[in-house]
Amino acid sequence: MRVAKALLAGRADLHEERVAFLLPPGIPWIATLWGIWQAGGIAVPLALGSARPELEHYIGDAGASAIIFDAATEAMAEPIASAQNIATLTYKEIQNGALIELPDVAIERRAMILYTSGTTNRPKGVVATHANIAAQISTLVEAWEWQADDRTLLCLPLHHVHGIINVVSCALWSGATCEMMTRFDANVVWERIASGVLTVFMAVPTIYLRLISAWEAAPALRQLELSHAAAKLRLMVSGSAALPVSTLERWKEISGHILLERYGMTEIGMALSNPLHGKRVPGSVGIPLPGVQVRLCGQDGEPVAEGIPGEIEVRGPSVFSEYWGKPEATREAFHEGWFRTGDTAVAENSVYRILGRTSIDILKTGGHKVSALEIEEVLLQHPGIAECAVVGVADEEWGQRVAAAVVLRAGAALSLDSLRAWARELLAGHELPSRLLVLEALPRNAMGKVMKPAVTNLFSETTIQMRS
């Protein structure tokens, strides 16, 4: 309420003014978000670690009237506020003052703007109403059976639905406890798991890979302790990026858990999920969540039959209201009232399997359409490959060439010819990589997603192994 009082500054209602804030995870972050909502404003959470041009874009695009920061983020936030001539508030300053009467904020009002990850284009501001957010939270609380005695650990950034909705908001909605890390540390996460107090854990595939590495580096007795403690959690979830089956299987060996994979995005919250109880299908993202409608459509816009790939379209109360200040982009994003996700999937026995981003993961090579994600799953079975990203590189003859960027395991070596020879029995000829690039690390964004356009650019900027 003190945050709301400071923002209102004697006014009765912010009337959907946008308020940006750059704060680390913790009570101040929560109080600021709720204070903006209580004052009738639209919250714009900013990503810690963003470069100044990114923050300038978010703040300017949203037309923020104020920005809230603390001592740790002042050096980055204050100059931007000064340059854009917007008000500044430090969290310390707004902790004083008496309580006030708050405006009546209707559930249909706009509540939050989150900026898309920008893996394929310039980030857009995704506007969610209070009703959208309530629907996103309540469907997960129902599907994953959140309870007041749950305890979870946040180790995700707080500028994305994964951290804001799936972890923090579901915990608070249920009266559960949420511990918040200021930065991810695999050994600290294992310590909290080993404490025996956690019941729910949610992360991205990159985090699970780091936890696996930390477990493998531990002494044998400690490994047993950690595995025993992990097995006691009631739910472990992976999302925000494709989970390699090899990672799922290794995590099962270590923890006893088959990670619950789900599918969602900034515009829709979560739409698909493997079941809390019952069989989970590795490599799939399950079935529609309660209250969410999902269908697959072909290039003609018509729904496709089961077994036929199509673009995922979603409808329901959790779907966002608009892209901020972009009415044309908003109109283009919907088809007959269904949100067009831009992701391609196939339904098999009513269970959805993601094939990738329609624009970047569905490659067209020599007249064939192939899924980059499916090729990646095969390449990750190679004993020398730790991580990989498959992209299409433009080619006059083939349309696109299948190109693989890989990170090798310690001590491993790999040539394009040896990779093709190894993969020949697992992939069709048109799916075999004809370009290979060995990297120290794959370019990723803050949520751990591989930035495929950056990978594609590397193939034109770097000396690579290639075949005609």
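Structure above, values below:
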item	result
Net length gained if the chain between Ser195 and Ala9 were fully extended (0.36 nm per residue, minus Cα distance)	62.5 nm
Fraction of beta bridges assigned by DSSP in segment 90-229 that are antiparallel (%, nearest 5)	45
Compactness relative to 2.2 N^0.38 Å, alpha carbon Rg of segment 417-462	1.39
Solution diffusion estimate, µm²/s, Stokes-Einstein, segment 126-185, Kirkwood Rh from C-alpha pairs, 4 °C, viscosity 1.567 mPa s	110
Percent of Cα pairs exceeding the 22 Å cut-off, where the set is segment 223-365	44
Translational D in µm²/s for segment 1-105 (Stokes-Einstein at 20 °C, 1.002 mPa s, Kirkwood Rh from C-alpha pairs)	158
Centroid-to-centroid separation of segment 256-304 and segment 37-100 [C-alpha atoms, Å]	35
Projected label distance in nm at Leu380 and Asp104, using a 7 Å step from Cα toward the beta-carbon	5.2
Using alpha-carbon coordinates, inclination of helix 27-38 to the longest axis of the chain, degrees	70
Residues of type aspartates and glutamates that Lys124 reaches as a straight line, Cα spacing below 16 Å, ignoring anything fewer than 8 places off in the same chain	Glu54, Glu56, Asp61, Glu267, Glu322, Glu328, Glu332
Inter-centroid distance (Cα atoms) of segment 159-228 relative to segment 406-422, Å	32
Solvent-accessible area of Ser82 with every protein chain in place, 1.4 Å probe, in Å² to the nearest 10	80
Difference of contour (0.36 nm per residue) and Cα-Cα distance, His430 to Ala410	4.2 nm
Alpha-carbon spread of segment 2-56, three principal axes, descending order, Å	35, 23, 13
Calculated FRET efficiency for the pair Lys326/Leu172, C-beta based, R₀ 25 Å, to 0.05	0.25
Fraction of antiparallel bridges per DSSP, the chain only, in percent to nearest 5	65
Loop GluC sites (Glu not before Pro), segment 377-438, which have at most 14 other Cβ atoms in a 10 Å radius of their Cβ (DSSP)	Glu396, Glu397, Glu425
For segment 145-258, convex hull of alpha carbons as volume per residue, Å³	93
Cα→Cβ-extended label distance, 7 Å offset, between Ala218 and Glu253, nm	1.6
Equivalent ellipsoid, segment 102-160 (semi-axes from 5 times Cα gyration tensor eigenvalues, Å)	24, 20, 11
Histogram of C-alpha separations across the chain, 10 Å bin width, %	4, 19, 29, 27, 16, 5, 1, 0
Along each principal axis, Cα extent of segment 362-466, largest first, Å	36, 30, 25
Of all accessible heavy-atom area on segment 372-420, the percent that carbon and sulfur account for (1.4 Å)	49
Stretchable slack from Asp149 to Glu336, in nm (0.36 nm times residue separation minus alpha-carbon distance)	63.1 nm
For the chain: accessible area per residue (Å², 1.4 Å)	43
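The values are calculated or read from the model by the stated rules, or taken from the named source; none is laboratory data. Please read these numbers as outputs of a predicted model, since none were measured by experiment. Cβ atoms come from the backbone with ideal geometry, glycine included; neighbour counts cover every protein chain shown. Just so you know, the surface numbers come from the protein's heavy atoms only, side chains and all, with ligands and any DNA or RNA stripped out. Shrake-Rupley method; radii C 1.70, N 1.55, O 1.52, S 1.80 Å.
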